[in-house]
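The values are calculated or read from the model by the stated rules, or taken from the named source; none is laboratory data. Just so it is clear, the model here is predicted, and its values are computed rather than measured. All Cβ positions, glycine included, derive from the backbone under ideal geometry; neighbour counts span all protein chains shown.
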Amino acid sequence: MTTPIPECNVPECNEDPAKFQELGYCVFRNRLSAEEVARYSQDLNEKIAHDQFEGEPHYYFQLWRKLCCHPQVLDAVRAILGPELILFHSSVFVKQPLDEKRVEWHQDNPYWTAVRGTDVVTAWVALDDVDEENSCMKVIAGSHQGHNVMEMKKIKDMTGAMLSSKVEISPNTESEAVPIVMKAGDVSIHDSFVLHGSDPNMSNRRRAGYTIRYGNALTTEINTEQHTGGEDLALPVYYVCGSGQGLQKTYQDLRAAL
Ligand SMILES: O=C(O)CCC(=O)C(=O)O
């Protein structure tokens, strides 16, 4: 059981891209149509049922690569990072009803050892309505400022833990966490240094999000030889948007492919 956050302390979700620098996150509403949400949700269910869903769905499945290049998703990312964009990772975070899986407080940056730069974000595409009841993601607004990597501690009780380490924060800081409440089809964007996490899903509703990791192609350096997904998968870096200025020889150009 988590401590309920008193209603008056629940901060509102930021929907203003101009406040991203200060807060480290922003929500964009209605980016996918109901038909698109239904299509991806069905595909997700089928792949889970056949045990086909691995990490990096954009690498394995054209349908999911297409979502990474969805004009409304890219439009949101452009509002934060500018016009030159690369895509380097993606994954799904699914918690079934009454699912004890939890994501401890963490920053994304330390997990991506081949990636250097501070203009790097995650777009979290909501495939279900998500709120505090079904364990929406929460962020500590402003915790990305200074772009410092925080100390991580090994998680002792791994029951339900989706990560192996966490950043410890005070109950006071935790009480200021912003729940990213969204409807299916909304997209939130968070900075790779902002603290975020989520609780177990104690509701009877599924909660699924597709996380797509983008960088500004002009300022993000990726060591393509060390860039892998999972064990040994040499993962391409995709150039998804721009005039060609940020396209490097080692990148795959996806602009016209989909
Ligand atoms: O979906 C979640 O609860 C966590 C997602 C996450 O950690 C991430 O997008 O980096």
Revision key, fill the gap. Subset of the stretch 101-119, residues within 13 Å of the ligand (Cβ to nearest atom) and assigned to a loop (DSSP other than H, G, I, E, B), comes to Lys101, Gln107, Asp108, Trp112
Exercise for review: Determine, yes or no, whether Thr122 is at pLDDT 95 or above, more than 15 Å from the ligand (Cβ to nearest atom) and of a type in the set (Ser, Thr, Tyr).
Suggested key: no
Practice item. Looking at (1) in contact with a helix residue (DSSP H, G or I) (Cβ under 8 Å, 6 or more places away or on another chain); (2) among the aliphatic types (A, V, I, L, M); (3) within 13 Å of the ligand (Cβ to nearest atom), find the lone condition where Val130 falls short. Key: (1)
Review point. Picking from Asp232, Asp191, Asp186, which residue would you name as being closer than 22 Å to Thr113 by Cβ, away from the ligand (no atom under 13 Å from the Cβ) and of a type in the set (D, E, K, R)?
Key: Asp232
Exercise for review: For Tyr214, indicate whether it is touching a helix residue (DSSP H, G or I) at 6+ places or on another chain (Cβ under 6 Å), crowded, with 17+ Cβ neighbours inside 10 Å and not small (Gly, Ala, Ser).
Suggested key: yes
Practice item. Output yes when any residue across the stretch 13-28 is surrounded by 15 or more Cβ atoms within 10 Å (Cβ to Cβ), part of a loop (DSSP other than H, G, I, E, B), away from the ligand (no atom under 16 Å from the Cβ) and in contact (Cβ under 8 Å) with a residue 12 or more places away in the chain, and no when none is. Key: yes
Check your understanding: In the stretch 147-182, what residues are assigned to a loop (DSSP other than H, G, I, E, B) and free of Cβ contacts under 8 Å to residues at least 24 places away in the same chain?
Key -> Glu151, Lys156, Asp157, Met158, Ser164, Ser170
**Study point:** Inter-residue pairs, beta-carbon under 6 Å, first of a type in the set (Gly, Ala, Ser) and in the stretch 91-113, second more than 8 Å from the ligand (Cβ to nearest atom), 6+ apart
**Key:** Ser91/Gly55
Revision key, fill the gap. In the stretch 204-223, anything away from the ligand (no atom under 14 Å from the Cβ) and outside any strand (DSSP E or B) is listed as Asn204, Arg205, Ala217, Leu218, Thr219, Thr220, Asn223
Check your understanding: Quick check: anything in the stretch 94-110 aromatic (Phe, Trp, Tyr), buried (at least 17 other Cβ atoms within 10 Å of the Cβ), farther than 27 Å from Ser41 by Cβ and under 15 Å from the mean Cα position of the chain (by Cα)?
Key -> yes
Practice item. With the condition kept exactly as written, say whether any residue in the stretch 95-113 is over 28 Å from Glu35 (Cβ atoms) and β-branched (Val, Ile, Thr). Key: yes
